1. Can residue 86 be described as over 15 Å from residue 51 (Cβ atoms) and either surrounded by 10 or more Cβ atoms within 10 Å (Cβ to Cβ) or among the aromatic types (Phe, Trp, Tyr) (or both)?
2. Being over 14 Å from the mean Cα position of the chain (by Cα) and of a type in the set (A, V, I, L, M, F, W, C) is the requirement here; does residue 140 meet it?
3. Kindly indicate whether residue 104 is within 27 Å of residue 144 (Cβ to Cβ), in contact with a helix residue (DSSP H, G or I) (Cβ under 6 Å, 6 or more places away or on another chain) and without any contact (Cβ under 8 Å) to a residue 60 or more places away in the chain.
4. Test each condition in (1) under 30 Å from residue 134 (Cα atoms); (2) without any contact (Cβ under 8 Å) to a residue 40 or more places away in the chain; (3) surrounded by 14 or more Cβ atoms within 10 Å (Cβ to Cβ); (4) in contact with a Pro (Cβ under 9 Å, 6 or more places away or on another chain) for residue 62 and report the one that comes out false.
5. Taking only pairs six or more apart or across chains, which ones have beta-carbon atoms under 9 Å, a first residue in the range 73-87 that is assigned by TED's automatic domain parsing to the domain that holds residue 60 and farther than 10 Å from residue 58 by Cβ, and a second residue that is assigned to a helix (DSSP H, G or I) and of a type in the set (Phe, Trp, Tyr)?
6. Does residue 40 qualify as being of a type in the set (S, T, N, Q) and either surrounded by 15 or more Cβ atoms within 10 Å (Cβ to Cβ) or in contact with a Cys (Cβ under 8 Å, 6 or more places away or on another chain) (or both)?
7. Does residue 55 qualify as being assigned to a helix (DSSP H, G or I), hydrophobic (A, V, I, L, M, F, W, C) and within 17 Å of residue 123 (Cβ to Cβ)?
8. Looking at the structure I just gave you, is residue 64 more than 26 Å from residue 114 (Cα to Cα), modelled with pLDDT of 90 or more, assigned by TED's automatic domain parsing to the domain that holds residue 130 and under 21 Å from the mean Cα position of the chain (by Cα)?
Amino acid sequence: MWLYVFGHELTHTIWTWIFGGRVKGFRISASGGYVETTRSNALIALAPYFFPIYVWLVILVTALLGIFLDTSHYAFWIHFAIGAAYAFHCTLTCHALSMEQTDITRSGRFLSFTIIATGNGAVLLAGIPLVTSQVGVTKALSWWVSDSVTAFCGIGNWAVGLVLVCLRHLRA
């Protein structure tokens, strides 16, 4: 668990820096950890649950190695490492969410799970096209918007049909 706790607290640290805060203390152990910061908000608190830090570290190391080496020969292993890191993120995030987490209770369950679900969806929406190199992020986004509109229209049509059936039964 030490590796997960380290990544969790490191993610809080990075997101604190992104939002202009400073880190005053950082402590980890196999059973837990904490970061003392000068700034906090829901995104900083919830980032470890939607920002797969080890995936980003694999990508960063690959990019740095790409400056000196032709990393295309290692594409399989790079994708394998990204997949393993993402599986680690998903598995341990689910495990962590099954326990009481102050990150969640502090922001409220509804807001927390909305941010976590949206964040993980955004990571997949952007990440899969980048990893596969077959479809660009903008194309994937346009498919997502198009399919979402189709789904919402279908749900809307179903709801209107249901209301019409109910009204017919009320008139009869």
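The values are calculated or read from the model by the stated rules, or taken from the named source; none is laboratory data. Just so you know, these numbers come straight off a predicted model, no measurement behind them. Note: ideal-geometry Cβ built from the backbone for every residue, glycine included; neighbour counts use all protein chains shown.
1. Here the answer is no, as residue 86 does not meet what is asked.
2. Numbers: over 14 Å from the mean Cα position of the chain (by Cα): yes; of a type in the set (A, V, I, L, M, F, W, C): yes.
Criteria met by residue 140.
3. Yes.
4. Residue 62 satisfies all of (1) under 30 Å from residue 134 (Cα atoms); (2) without any contact (Cβ under 8 Å) to a residue 40 or more places away in the chain; (3) surrounded by 14 or more Cβ atoms within 10 Å (Cβ to Cβ); (4) in contact with a Pro (Cβ under 9 Å, 6 or more places away or on another chain) except (4).
5. Correct list of pairs: empty, since none qualify.
6. It is true that residue 40 is of a type in the set (S, T, N, Q) and either surrounded by 15 or more Cβ atoms within 10 Å (Cβ to Cβ) or in contact with a Cys (Cβ under 8 Å, 6 or more places away or on another chain) (or both).
7. yes
8. no
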